[in-house]
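Reading through the structure tokens given below for one structure.
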Amino acid sequence: MTTPVLTGTHLAKSFGPTTALLDASVSVAPGEIVALMGPSGSGKSTLLHLLAGLLRPDAGTVELAGQRIDALSERRRSDVRLRQLGFVFQHGELVPELTVVENVELPLRLTGTKAGPARARALEMLDRLGVAAEADRRLSEVSGGQAQRAAVARALVHTPPVVLADEPTGALDTVTGELVLEAFVDAARDQGSAVVLVTHDLRVASYASRDILVRDGRTVAGAALEATPR
Ligand SMILES: Nc1ncnc2c1ncn2[C@@H]1O[C@H](COP(=O)(O)OP(=O)(O)O)[C@@H](O)[C@H]1O
Ligand SMILES: [Mg+2]
């Protein structure tokens with residue numbers, strides 16, 4: 001197997017009295033798409049946030065692009081995230097006061113791409129996701145589905161080696177959902193990005209190379225599709 005670009009090992013995380021994650025391990029190689037499935041409240045979002053370095057684990061380790069990120073300071077983790085990761089939050093997290101295209105070009109601008117090329121690349125991503133017509137509207141003025149596609153564009157715009165997306169098609173109809181899935185597939189196939197998608201949707205999971213079930217805070221490799229009634 002190709003060397004993984006992202007590995008979480010024996011991760012655990014509690015929030016006060018609530019144990020969100022008990023023992024979760026995930027390893028993803030470049031070019032792979034992994035579907036993370038499981039019931040609501042099983043720890044999927046917590047796991048994704050740990051893998052992204054957005055949360056620090058109580059136990060276990062996270063290695064991203066050859067670097068242990070779980071022990072880094074918040075500042076260093078944030079720098080690694082900017083360069084190595086694209087992240088789609090379950091509930092938005094774009095900047096409402098900025099326009100759609102300003103939100104999408106942000107990762108490029110923050111890593112030193114000049115305004116012209118950053119704008120062109122952001123518009124290209126918006127076009128692929130079917131939201132180019134909304135480019136100059138404020139994020140607060142577009143629909144939930146359009147904002148979700150803008151969030152996907154922002155996660156992919158700087159061609160990061162790792163893409164993590166939390167239910168990225170949750171607010172989308174079938175047609176726009178396909179656009180989003182094709183964008184992840186292209187990122188994996190053409191740029192070798194490692195992609196982890198949290199989803200309830202079997203159609204989404206069918207795009208994945210592998211699935212992992214999260215149940216009661218533990219990961220079970222390859223058990224998601226078998227465990228899901230269809
Ligand atoms: N920031 C938080 N504070 C307190 N409890 C949390 C927090 N985040 C998640 N939890 C709890 O941890 C458990 C797992 O949540 P989550 O990872 O969001 O699951 P999923 O994404 O699979 O629905 C749930 O019981 C949830 O209520
Ligand atoms: Mg969740």
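The values are calculated or read from the model by the stated rules, or taken from the named source; none is laboratory data. From a predicted model like this one, the values you see are computed outputs, not experimental measurements. No Cβ is skipped: glycine too gets one built from the backbone with ideal geometry, and neighbour counts run over all protein chains shown. All accessible areas refer to the heavy atoms of the entire protein, side chains included, with ligands and DNA or RNA removed. Shrake-Rupley method; radii C 1.70, N 1.55, O 1.52, S 1.80 Å.
Here are the numbers for this structure:
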| read-out | value |
| --- | --- |
| Computed lengthening from residue 137 to residue 221, 0.36 nm per intervening residue step minus Cα-Cα distance | 26.0 nm |
| Cα→Cβ-extended label distance, 7 Å offset, between residue 3 and residue 210, nm | 1.7 |
| 1.4 Å probe accessible area per residue over the stretch 6-221, in Å² | 43 |
| Phi-based couplings in Hz for the stretch 160-176 (Karplus 6.51, -1.76, 1.60; Gly and Pro marked x) | x, x, 10, 10, 10, 9, 9, 6, x, 10, x, 9, 10, 7, 4, 5, 6 |
| Among 107-114, 121-128, the order from most to least packed when residues are scored by Cβ within 10 Å on average | 121-128, 107-114 |
| Table column - 3J(HN,Hα) (Hz), the stretch 135-150, Karplus curve with 6.51, -1.76, 1.60, x for Gly and Pro | 3, 9, 8, 5, 4, 5, 9, 9, 6, x, x, 5, 5, 5, 5, 5 |
| Scaled radius of gyration (Cα, divided by 2.2 N^0.38 Å) that the chain gives | 0.97 |
| Mean Cβ neighbour count within 10 Å, used as a protection proxy, ranking 209-222, 151-164, 24-37, 61-74 highest first | 151-164, 24-37, 209-222, 61-74 |
| Furthest towards positive pole of dipole, 143, 115, 200, structure part the stretch 59-200, Cβ charges | 115 |
| Heavy-atom accessible surface of the stretch 1-88: percent carbon and sulfur, 1.4 Å | 51 |
| ³J(HN,Hα) computed for each position of the stretch 81-89 - Karplus, 6.51 cos²θ - 1.76 cosθ + 1.60, integer Hz, glycine/proline x | 4, 4, 8, 9, 10, x, 10, 10, 6 |
| Under 14 Å, Cβ to Cβ, from residue 114 - net charge with Lys/Arg +1 and Asp/Glu -1 | +2 |
| Kirkwood-based Rg to Rh ratio, the stretch 33-88, C-alpha trace | 0.97 |
| Only Lys, Arg (+1) and Asp, Glu (-1) charged, at Cβ; the chain dipole about Cα centre in debye | 520 |
| Whole-number percent relative contact order across the chain, with pairs defined as alpha carbons under 8 Å at least 6 apart | 29 |
